[in-house]
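K.L.:
Structure below; questions to follow.
Derivation of every value follows stated rules applied to the coordinates shown; laboratory data play no part. Given the structure is predicted, the values throughout are model-derived calculations rather than measurements. Positions of Cβ are backbone-derived with ideal geometry, glycine not excepted, and every protein chain shown enters the neighbour counts.
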Amino acid sequence: MTDYIIVGAGLSGIALAEELTGRGKTIKVFENNSQSSSTVAGGVYNPVILKRFTLAWNAAAQMETAIPFYKALEEKLGVNLVEELPIYRKFNSIEEQNNWFTAADKRSLAPFLDTGLKKELNPCLPSQHSFGRVIGTGRIDTALLLEKYWQFLNELGVFFAERFEYQKLQLLPDGVAYKSHKARRVVFCEGFGLKKNPFFNSLPLYGNKGEYIIIKAPSLKLQVAVKSSVFILPLGNELYKVGATYNNQDTSEEPTEEARESLLSKLRSMITCEFEIVDQVAGIRPATKDRKPVVGQHPEHLQLYCCNGFGSRGVLMAPCIARELAAHLEEGAPLDQETSLLRFLK
Ligand SMILES: Cc1cc2nc3c(=O)[nH]c(=O)nc-3n(C[C@H](O)[C@H](O)[C@H](O)COP(=O)(O)OP(=O)(O)OC[C@H]3O[C@@H](n4cnc5c(N)ncnc54)[C@H](O)[C@@H]3O)c2cc1C
């Protein structure tokens, strides 16, 4: 009898796998590559919402858990995953500059907002109103993390590259049976794939499609991330990710012409140098209306759990929420009411 079947190995499933195995529990992981949110993500960790200059929900605490979590994974997998990457917010007006200073006066935001503005950042990125730097930001190479972690699980013989078929799950008094496997519990970490899950699809998770274009811009020579109407993220080798878009109507996985045109027009208003588009990627963010995760036990089938709803902030949320869920599952710690799926079932 395995302790846990985990369905889905994006950021959520990986974080949970680490937390559970760290507690000496046995796992089996099913992953069918049907969702690509964690693979295409920019991987940015940044506690500040750069539209409004506010702190994202629980972000300071999440940083304290998430960064050491990914650093430990770097050691374990023998790859570089964490890159400290400054983020500069381009100001579009004096008013925005003033809002930045007002925000920086707040105790919660002061550690993250640099008040020494930068007048010029890069010859190809003009700004009339300077740039402000967010402190303590960076990027996780999520695509590499998924690739290496799946390989790691595969070598342990606990990775099943196949679709989890819900109709084959049998609920037993002491756990579940699934095909030839038996387990105490199943945790669904399926991202937007949860909408196809008959046990949890009544939860109000919605898809928010995000797209990036990847450009090659030899003369840009930008070493930092810049946020204006879109993010420009340096990837090395003269490549940059530009985006992302937000679309809660289209839940197809394919890149679209519309997103490409919108990103192009925003990029052209930001940089003055030549570039070419070399790729475009898309994924569906698993989002909730209150922008908080949705976690916990099925109200009737007590062997079943879900860990989802990370929206546009999976990098910081997943390690923290997985830790809370594992403590709940194994030590009986209460789940945070703010993230519990019960808030949607009242
Ligand atoms: C364009 C874009 C940019 C983003 N940028 C950032 C960023 O810079 N920073 C940040 O913090 N967040 C970012 N995000 C958000 C982040 O990617 C998500 O919050 C996070 O990836 C969600 O992780 P997840 O594991 O819950 O879901 P997913 O990544 O969707 O993973 C779910 C996994 O479950 C698998 N699965 C589903 N159903 C089944 C089944 N029946 N059987 C087997 N396997 C199954 C899927 O194949 C998938 O691998 C971005 C998202 C997008 C789309």
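K.L.:
Using Cβ contacts closer than 10 Å as the measure, can you line up LYS51, LYS292 from fewest to most?
P.N.:
By the 10 Å Cβ count, ascending, the order reads LYS51, LYS292.
K.L.:
Label ALA177 and GLU84 with points 7 Å out from Cα along Cα→Cβ: what is the distance between them in nm?
P.N.:
For ALA177 paired with GLU84, the spin-label model returns 5.5 nm.
K.L.:
Using a simple charge model, +1 on the beta-carbon of Lys and Arg, -1 on the beta-carbon of Asp and Glu, nothing else, what dipole does the chain show about its Cα centre, in debye to the nearest 20?
P.N.:
Dipole about the Cα centre, nearest 20: 600 debye.
K.L.:
Among the chymotrypsin sites (Phe, Trp or Tyr not before Pro) within region 207-264, which fall in a DSSP loop and have no more than 16 other Cβ atoms within 10 Å of their own Cβ?
P.N.:
TYR246
K.L.:
Just tell me which aspartates and glutamates come within less than 15 Å, Cα to Cα, of LYS209; anything on the same chain fewer than 8 places away is out.
P.N.:
ASP250, GLU253, GLU254, GLU257, GLU258
K.L.:
Roughly speaking, what is the stretch gain from ILE94 to ILE214, that is 0.36 nm per residue apart minus the C-alpha to C-alpha distance, in nm to one decimal?
P.N.:
Extra length available between ILE94 and ILE214 comes to 40.1 nm.
K.L.:
Now for a separate question. Amide H of TYR45 versus every other amide H placed in the peptide plane: which residues, excluding those fewer than 5 positions away on the same chain, fall under 5 Å?
P.N.:
Result for TYR45 returns GLY138, ARG139, ILE140.
K.L.:
By a straight-distance test (C-alpha under 16 Å), which aspartates and glutamates pair with LYS289 as possible cross-link partners, with residues fewer than eight away in the same chain excluded?
P.N.:
LYS289 reaches GLU338.
K.L.:
What ³J(HN,Hα) values, in whole Hz, does the Karplus curve 6.51 cos²θ - 1.76 cosθ + 1.60 give for region 304-317 when θ = phi - 60°, with x put for Gly and Pro?
P.N.:
10, 9, 9, 9, 7, x, 7, x, 9, 10, x, 4, 7, 6
K.L.:
Give the residues of region 1-42 whose amide nitrogen is closer than 15 Å to a point set 7 Å from the Cα of HIS301 in the direction of its Cβ.
P.N.:
5-8
K.L.:
Further, regarding this structure: May I ask for the distance between the Cα centers of region 276-346 and region 239-268, given as a whole number of Å?
P.N.:
A separation of 25 Å, based on Cα centres.
K.L.:
What nm value, rounded to one decimal, do you get for the distance between THR102 and GLU64 when each label is placed 7 Å out toward the C-beta?
P.N.:
Simple spin-label model gives 2.9 nm for this pair.
K.L.:
If R0 is 45 Å, what FRET efficiency do you get for LEU156 and HIS129 from their C-beta distance, rounded to 0.05?
P.N.:
Efficiency, rounded to the nearest 0.05: 0.30.
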